[in-house]
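All remarks here apply to the structure that follows.
Laboratory data are not the source of any read-out in this text; all were calculated from the coordinates shown. Quantities reported herein were computed from a predicted structural model and do not represent experimental measurements. Don't worry about glycine lacking a Cβ; one is built from the backbone with ideal geometry, like all the others, and counts go over all protein chains shown.
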Amino acid sequence: MKTTFLTLLLLVISFASYTQTIILIKNVNVWDGTSNSLSTNLSVLIEDNLIKKVAKNISEPNGAMVLDGGGKTLIPGLSDAHVHLSATMSGSEARNDAHWMYTAIKTAKAAENFLMLGFTTVRDLGGPVFGVKRAVDEGLVPGPRIYPSGAYISQTSGHGDFRSANEPSVLLSGGQMHASDALGWSFVVDGVPEVLKAARENLRHGATQLKVMAGGGIASDFDPIHSVQFTAEELEAAVQAATDWDTYVAVHIYESKGAIRALNAGVKCLDHGHLINEETVKLIKEKDAWLVPQAFWTETPASFWVPGKDTIPKALYKKIKPVLEGTDTVFKLAKKYDINVGFGSDAYGALGYEAYALTEFTTRTSWYSPLEILKQATSENARLFNLSGKINPYREGKLGVIEAGAYADLLIYEGNPLEDIEVVAHPEKNLKLIMKDGKVYKNEL
Ligand SMILES: [Zn+2]
C-alpha cells in the first residue's frame with residue numbers, strides 16, 4: 001500500500017515537472033511540401049518536436065513563445081539524399097594521416113554546415129558517420145537528421161577499394177585490415193558470404209540503408225567508369241540482408257549494364273546514373289525504384305574536383321567528361337518517364353563545400369520547375385527515406401511536409417522560393433529561421 005502511494009506521488013511529481021515547449025509562428029505564407037502553391041496568412045503551432053496545427057488565426061496558448069513571420073514564406077526543412085559528411089579531406093589524408101578523432105570533429109562541423117544551409121535531413125551514402133549521427137540525435141552537436149549507410153560495400157578493385165598501388169590485398173597481407181576498412185570507410189569484399197558479412201556489419205552499427213558500389217567511379221583509380229561491379233548473386237545477397245532488416249540497397253552506378261543488373265537484383269535506388277539509357281529508365285519505372293542524379297557537377301570549377309587546383313588532370317577529366325555530358329539526357333529521360341527522382345547533391349570535400357548542394361537547386365531548373373525541385377528536396381525525398389521501413393529512426397512524425405503530426409522541421413525565407421529558386425540558394429541573405437525537431441537554430445525574424 002505504502003509503495004503504491006509512493007509510486008503515485010512520484011508519478012504526479014514527474015507529470016508536474018514535465019513542461020511542454022509551445023511555439024506559435026504567426027503571419028506566414030506556407031508551402032506544405034506537396035501542394036502546388038502557397039497558402040497565405042497562416043499560423044503554425046508547434047508542441048515540443050511536432051507540428052500540432054496549421055490554420056488561420058490560432059489563438060495563443062498559455063506560455064507559448066510567439067514568432068511573427070512577417071508575411072514571409074514557411075516551407076518544410078530541406079533534405080539531401082546523397083551526402084558524405086565524413087569526407088571532408090582527401091581520401092588518403094583521412095585514411096592515413098588524420099587522427100580519427102579529428103575526422104569525427106570535422107564530420108560534426110560538416111553536419112552543422114548542412115543544417116545552417118537549411119538541410120534538416122540528410123541521407124549519408126558512405127563513410128564513418130554513426131557516432132556523429134548519435135551525437136546529433138542526442139543534441140550534443142547541431143546537425144541534420146542523418147540516415148547513415150556506414151561503410152561502402154565494394155568489390156576488390158571497385159569504387160570503394162581505396163588501397164594505393166602498393167597496398168596488398170587483405171588475402172596477401174596475412175589478413176591484416178587496411179586503414180579504410182578499420183576506420184569504417186569501406187568493406188572490400190568478394191563473394192556472397194563476404195558481402196553478407198559486410199552488409200550485416202553495417203546493419204549492426206545502425207545503417208538505415210546499405211550503399212553498394214555497382215560500377216565504376218570518378219574518384220577511384222582502379223575501376224574504369226564502364227566497369228560492372230559485383231555479380232548478380234553478390235548484389236542479391238546485399239538486397240537479401242537489407243530486406244531481412246526491412247530496408248533497401250542504394251547503389252553507386254553510372255552505366256546501364258550495372259544499373260539493370262542492380263535493379264533486377266532488387267536494388268531500390270540508383271545514385272548518379274548519368275549514363276543510363278532509355279531501357280534502364282523504363283525499368284526504374286517498372287520497378288518503382290529511385291534515381292538520384294546530380295546536375296550541379298556541370299557547373300563546378302576544377303577546384304571542386306581537385307581542391308586547390310584550377311585544372312583537372314587529364315586522366316581524371318577523361319572519367320568526368322562523359323558523366324557531365326550524360327547529365328542532360330538522364331534528366332530528360334527521368335522527366336519523360338516521370339520516375340521517382342530524389343534530390344541528392346553528393347557535395348563533399350573541404351569544409352564549406354557543403355554549399356555546392358545549393359547549386360543543385362539552381363542547375364535542376366534546366367529540366368524542372370522550382371516547385372518540382374522543392375518537392376524532390378522535401379516530400380519526395382521523405383518517401384525515399386521511408387524505404388528504410390521499420391529501421392527508419394525518425395518515425396514519430398512525417399518528414400518533408402508541413403502538417404499536423406509532422407516533425408517540426410521548417411524554414412522561413414524572405415521571398416517566395418516557388419517563384420524564384422534563387423531564394424533557397426542564398427540562405428545567408430534569405431533564410432530567416434531554421435527549426436529542426438522543434439528547436440530553433442537560426443532566428444533572424
Ligand atoms: Zn557519393
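Using a cutoff of 8 angstrom between alpha carbon atoms and counting only pairs six or more residues apart, the relative contact order for the chain works out to 19 percent. Sorted fewest first by neighbouring Cβ atoms within 10 angstrom, MET435, MET89 come out as MET89, MET435. Legend: calculated FRET efficiency, THR19 to TYR317, from the Cβ-Cβ distance at R0 = 41 Å, rounded to 0.05, equals 0.10. In this structure, the amide hydrogen of GLY126, modeled 1.01 Å from its nitrogen in the peptide plane, lies closer than 5 angstrom to those of SER149, GLY150, counting only residues at least 5 positions away or on a different chain.
Compute the acute angle (0 to 90°) between the alpha-carbon long axis of helix 232-244 and the principal axis of greatest extent of the alpha-carbon atoms of the chain; round to the nearest 10°. Helix 232-244 and the main axis of the chain meet at about 20 degrees.
Using just the C-alpha positions of region 112-204 as equal point scatterers, what log10 of I(q)/I(0) does the Debye formula give at each q in 0.19 1/Å? Reported log10 I(q)/I(0), two decimals: -0.88. The relative contact order of region 376-440, computed from alpha carbon pairs under 8 Å that lie at least 6 residues apart in sequence, is 26 percent. Binning the alpha carbon pair distances of region 81-368 at 10 angstrom intervals from zero yields the distribution 7, 30, 39, 22, 3, 0, expressed in whole percent.
Among ASP271, ASP48, ASP244, the largest mean-square fluctuation in a Gaussian network model of the chain (Cα springs under 10 Å) belongs to ASP244.
Dipole size in debye (nearest 20) for region 81-368 around its Cα centre, Lys and Arg Cβ +1, Asp and Glu Cβ -1? Before the final figure, lay out the partial values.
Working: 27 positive and 33 negative charges, 74 e Å.
Here the size comes out at about 360 debye.
For each of ILE276, ILE46, ILE23, count neighbouring Cβ atoms within 10 Å of the residue's Cβ, then give the residues from fewest to most. Intermediate results must be reported in sequence, preceding the final value.
Details: ILE276 27, ILE46 24, ILE23 21.
Fewest-to-most Cβ neighbours within 10 Å comes out as ILE23, ILE46, ILE276.
Between the Cα long axis of helix 100-117 and the first principal axis of the chain there is an angle of about 50°, rounded to the nearest 10. Site-free segments of the chain were taken between trypsin sites (Lys or Arg not before Pro) in DSSP loops having at most 15 other Cβ atoms within 10 Å, sites themselves excluded; the longest one is 57-308. Principal axis extents of the C-alpha atoms in region 376-426 (largest first, rounded to whole Å): 37, 20, 14.
Backbone phi angles across region 48-57, fed through the Karplus curve with coefficients 6.51, -1.76 and 1.60 (θ = phi - 60°), yield HN-Hα couplings of 6, 9, 10, 7, 9, 7, 10, 6, 7, 6 Hz in residue order; Gly and Pro are listed as x.
Going from the residue with the fewest nearby Cβ atoms within 10 Å to the one with the most, TYR337, TYR348 rank TYR337, TYR348. The C-alpha atoms of the chain define a longest principal axis, and helix 2-17 lies at about 90 degrees to it.
GNM remark for the chain: springs join alpha carbons under 10 Å apart, and the peak mean-square fluctuation among ALA315, ALA302, ALA179 falls on ALA315.
Each DSSP beta bridge with both residues in region 81-368 is either parallel or antiparallel, and the antiparallel ones are about 5%. Of HIS272, PHE343, ILE312, which is farthest towards the positive pole of region 244-357's charge dipole, taken about the Cα centre with +1 and -1 on the beta-carbons of Lys, Arg and Asp, Glu respectively? Of the candidates, ILE312 comes out farthest on the positive side.
Rounded to whole Å and sorted largest first, what semi-axes of the equivalent ellipsoid does the C-alpha gyration tensor of region 178-282 yield via the square root of 5 times each eigenvalue? Don't skip to the end; give the middle numbers.
Details: eigenvalues 93, 57, 26 Å².
Value: 22, 17, 11 Å, ordered largest first.
With the charge dipole of the chain set up from +1 on Lys and Arg Cβ and -1 on Asp and Glu Cβ about the Cα centre, the Cα lying farthest toward the positive end among the listed residues GLY77, GLY215, SER169 is that of GLY77.
Holding the Cα-Cα limit at 29 Å, pick out from LYS56/LYS335; LYS133/LYS432; LYS72/LYS335 the pairs that are longer than that. Walk me through the numbers before you get to the answer.
On the way: LYS56/LYS335 36 Å; LYS133/LYS432 25 Å; LYS72/LYS335 31 Å.
Listed pairs above 29 Å: LYS56/LYS335; LYS72/LYS335.
Between ASN264, ASN57, ASN49, the GNM of the chain built on Cα springs shorter than 10 angstrom shows ASN57 fluctuating the most.
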